[in-house]
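One structure is given below, encoded as structure tokens.
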Amino acid sequence: MVTQLSNEQISYYRENGFLVIEGFLDAGELEEWRRCTAEAVEQRLGSGVLHNQSRPDDYYARVFTQCLRLADTHDGMRRLLLDPRLGQVAATLAGIEGIRIWHDQALIKPPYGNPTGWHLDVPYWSFSSRDAISIWLALDDATLANGCMYYLPGTHKTARFENAGIGQNLDDLFKLYPEWREIDPVACPCPAGSAVFHNGLTAHGAGANMTRHARRAMTCGYMPDGCTFIGTQYSLPREYFQSLKIGDVLDNPVQNPLIWHRSA
């Protein structure tokens, strides 16, 4: 795993709100991520919860198969995601002192799957931060043909926490941010084993999968240590959600484990 970042990479991320690191995983690591993701997704789809395939013919279900919080139920996935090296890289890019897992999710764009509309991440979540960061691990080659990621560079600097859902209209986000129509999107094709990091307020989307093969990715959203609850449930378990008050620090070691801190 790549653990050393250059000053140029850090500067690029902070200026543009995203960064592609090719060869982030070596061949053995990639195979382990593929194995654990496949097993954990199979378990999640069989559980009836925390996935989007209850109505498999819906538009959103055909954007990608989305399976959340796989580390909760799969030991191998938990081991991979709690690796402090991931936290160190993400925290270094974000320029924060400590970092917690918000939630993980597999995103598998099916053959001939729908495009992913432009959206932001943080406004969906249960906290508010300009420094949240996500990792998107390519388990297959991500190409222009099968739905690689696209970003609008610099949008993390001007995002106002307003968001659009991932629906059939790709441009719904531009109704909220019409000024972003003047920004040229950047496509990020990358080989399997690459990592794409992005700020939680960077506008992003993905093309349709025009191929007969699935395009697999494993992702994780990270929360800066010290973030507080804003009242949104999203992926929080009901019992834990109901125990929270607005302003509570989200530091539950089971729900949002601290995986790296500069002082450690």
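Brief remarks on what is shown
- Residues in region 22-32 carry Karplus couplings, in order, of 6, x, 4, 9, 7, 4, x, 5, 4, 5, 5 Hz; the curve used is 6.51 cos²θ - 1.76 cosθ + 1.60 with θ = phi - 60°, and Gly or Pro positions show x.
- When peptides 125-137, 81-93, 51-63 are ranked by their average number of other Cβ atoms within 10 Å per residue, the highest-first order is 125-137, 81-93, 51-63.
- The fraction of accessible area contributed by carbon and sulfur in the chain is 51 percent, rounded to a whole number (1.4 Å probe; ligands and nucleic acids excluded).
- Here's the picture: charge each Lys and Arg Cβ at +1 and each Asp and Glu Cβ at -1 in region 19-60, and of A40, N52, L30 the one pushed furthest to the positive end of that dipole is N52.
- The H on the amide N of G17, modeled in the peptide plane, is under 5 Å from the matching H of G154, each at least 5 residues off or on a different chain.
- Prolate/oblate/rounded label for region 1-49 (Cα gyration tensor, a/c 1.5): oblate
- Here region 1-123 is assigned +1 on the Cβ of each Lys and Arg and -1 on the Cβ of each Asp and Glu. Its dipole about the Cα centre then comes out at about 300 debye.
- Per residue value of the accessible surface for the chain (all protein chains in place, 1.4 Å probe), Å²: 44 Å²
- Cα centroid of region 6-47 to Cα centroid of region 185-264, whole Å: 12 Å
- Relative frequency of Cα-Cα separations exceeding 26 Å in the chain, percent: 37 percent
- Dipole of the chain, positive direction: furthest Cα of Y222, I96, W118, with charges on the beta-carbon: W118
- Phi-based couplings in Hz for region 134-141 (Karplus 6.51, -1.76, 1.60; Gly and Pro marked x): 10, 10, 10, 9, 7, 8, 10, 4
- DSSP-loop trypsin sites (Lys or Arg not before Pro) across region 149-243, with at most 10 other Cβ within 10 angstrom: R160, R212
- Per residue convex hull volume, Cα atoms of region 100-185, in Å³: 118 Å³
- Dipole of the chain computed with +1 at Lys/Arg Cβ and -1 at Asp/Glu Cβ about the Cα centre; of V186, M77, S235, farthest Cα towards the positive end is S235.
- Three-way shape label, region 1-116, alpha-carbon gyration tensor, a/c 1.5: prolate
- Relative contact order for region 12-71: 24 percent, from Cα pairs under 8 Å spaced at least 6 residues apart, divided by residue count.
- Relative contact order of the chain, defined on C-alpha pairs under 8 angstrom at six or more residues apart (%): 29 percent
The values are calculated or read from the model by the stated rules, or taken from the named source; none is laboratory data. Predicted, not measured: the structure shown is a model, and the values here were computed from it. We place every Cβ from the backbone using ideal geometry, glycine too, and count neighbours over all the protein chains shown. Note: areas computed on protein heavy atoms with side chains; ligands, DNA, RNA excluded. Shrake-Rupley method; radii C 1.70, N 1.55, O 1.52, S 1.80 Å.
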